[in-house]
């Protein structure tokens, strides 16, 4: 009988470790996972209220076009037609609402343009890409390009 117990004792110890691990996991989960997690499948129900409580930061393309129709008309046939205004100019909900009396600052064109147009083998060949040092040197992009209609002006 003693040798039989000795043959299975390592399995019993391993099973006890698994049970202890599962208990630790369940106790830890009860402390770290919010109570409303899983109400909407894999989401926390309170996340919706948290998102609603955040102030709106982006105005959306329609708000920009209301006042800046001239820029909208220029962009319609340009290569940046599908790029939203706030992609380059940043979140402008306060500006669009009239809460911001001054004009928003102009984005740093060179840093902004280079973010999308730096040459990279991961980008499609048809996408306009440049080697900044060869293309422009120290010049700003807007010296030759209108950002809303970027063909050489």
Qualifying residues in region 28-38 (those that are surrounded by 10 or more Cβ atoms within 10 Å (Cβ to Cβ) and not in a loop (DSSP other than H, G, I, E, B)) - the one modelled with the highest pLDDT: 28
Residue match in region 123-144 (condition: closer than 13 Å to residue 64 by Cα and loosely packed, with under 10 Cβ neighbours inside 10 Å): no
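Scan region 81-103 residue by residue and report those that are part of a loop (DSSP other than H, G, I, E, B) and under 18 Å from residue 151 (Cβ atoms).
81, 82, 83
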Matching residues in region 39-64 - criterion: being exposed (fewer than 10 other Cβ atoms within 10 Å of the Cβ) and assigned to a loop (DSSP other than H, G, I, E, B): 41, 42, 54, 55
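Before we move on, is residue 106 within 24 Å of residue 152 (Cα to Cα) and either part of a helix (DSSP H, G or I) or touching a strand residue (DSSP E or B) at 6+ places or on another chain (Cβ under 8 Å) (or both)? Outline the logic, then answer.
Working: within 24 Å of residue 152 (Cα to Cα): yes; either part of a helix (DSSP H, G or I) or touching a strand residue (DSSP E or B) at 6+ places or on another chain (Cβ under 8 Å) (or both): no.
Here the answer is no, as residue 106 does not meet what is asked.
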Qualifying residue in region 1-18 (condition: more than 33 Å from the chain's Cα centre (by Cα), over 28 Å from residue 145 (Cα atoms) and part of a loop (DSSP other than H, G, I, E, B)): yes
Given (1) in a loop (DSSP other than H, G, I, E, B); (2) out of contact with any strand residue (DSSP E or B) (no Cβ under 7 Å at 6 or more places or on another chain), number of the condition residue 78 does not satisfy: (2)
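Counting only residues that are in contact with a strand residue (DSSP E or B) (Cβ under 9 Å, 6 or more places away or on another chain) and assigned to a loop (DSSP other than H, G, I, E, B), which one in region 109-153 is nearest to residue 72 (Cα to Cα)? Before you say what the answer is, go through the steps one by one.
As a first pass, look at region 109-153 and keep what is in contact with a strand residue (DSSP E or B) (Cβ under 9 Å, 6 or more places away or on another chain): 109, 113-114, 117-119, 128-132, 136, 141, 144-145, 151-153.
Of the ones still in play, those that are also assigned to a loop (DSSP other than H, G, I, E, B) are 119, 128-129, 131, 136, 144, 153.
Working: 119: 28, 128: 22, 129: 24, 131: 29, 136: 27, 144: 20, 153: 18 Å.
So the residue we want is 153.
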Of all residues making up region 50-71, the number that are closer than 16 Å to residue 99 by Cβ and over 19 Å from the mean Cα position of the chain (by Cα): 4
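When you scan region 65-73, do you find a residue that is part of a loop (DSSP other than H, G, I, E, B) and either in the same structural domain as residue 143 (by TED's automatic domain parsing) or under 19 Å from residue 141 (Cα atoms) (or both), even just one? Spell out the reasoning first.
Kept after step one, since they are part of a loop (DSSP other than H, G, I, E, B), are these residues of region 65-73: 68.
Now restrict to residues that are either in the same structural domain as residue 143 (by TED's automatic domain parsing) or under 19 Å from residue 141 (Cα atoms) (or both): 68.
Yes; the residues of region 65-73 include at least one that is part of a loop (DSSP other than H, G, I, E, B) and either in the same structural domain as residue 143 (by TED's automatic domain parsing) or under 19 Å from residue 141 (Cα atoms) (or both).
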Cross-chain or 6+ apart pairs with Cβ under 8 Å, region 30-54 first and touching a residue at least 12 places away in the same chain (Cβ under 8 Å), then in a helix (DSSP H, G or I): 34/46
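The values are calculated or read from the model by the stated rules, or taken from the named source; none is laboratory data. Here the structure is a predicted model, which is why all the values come from computation and not from measurement. All Cβ positions, even for glycine, are placed from backbone atoms using ideal geometry, and neighbour counts span all protein chains on display.
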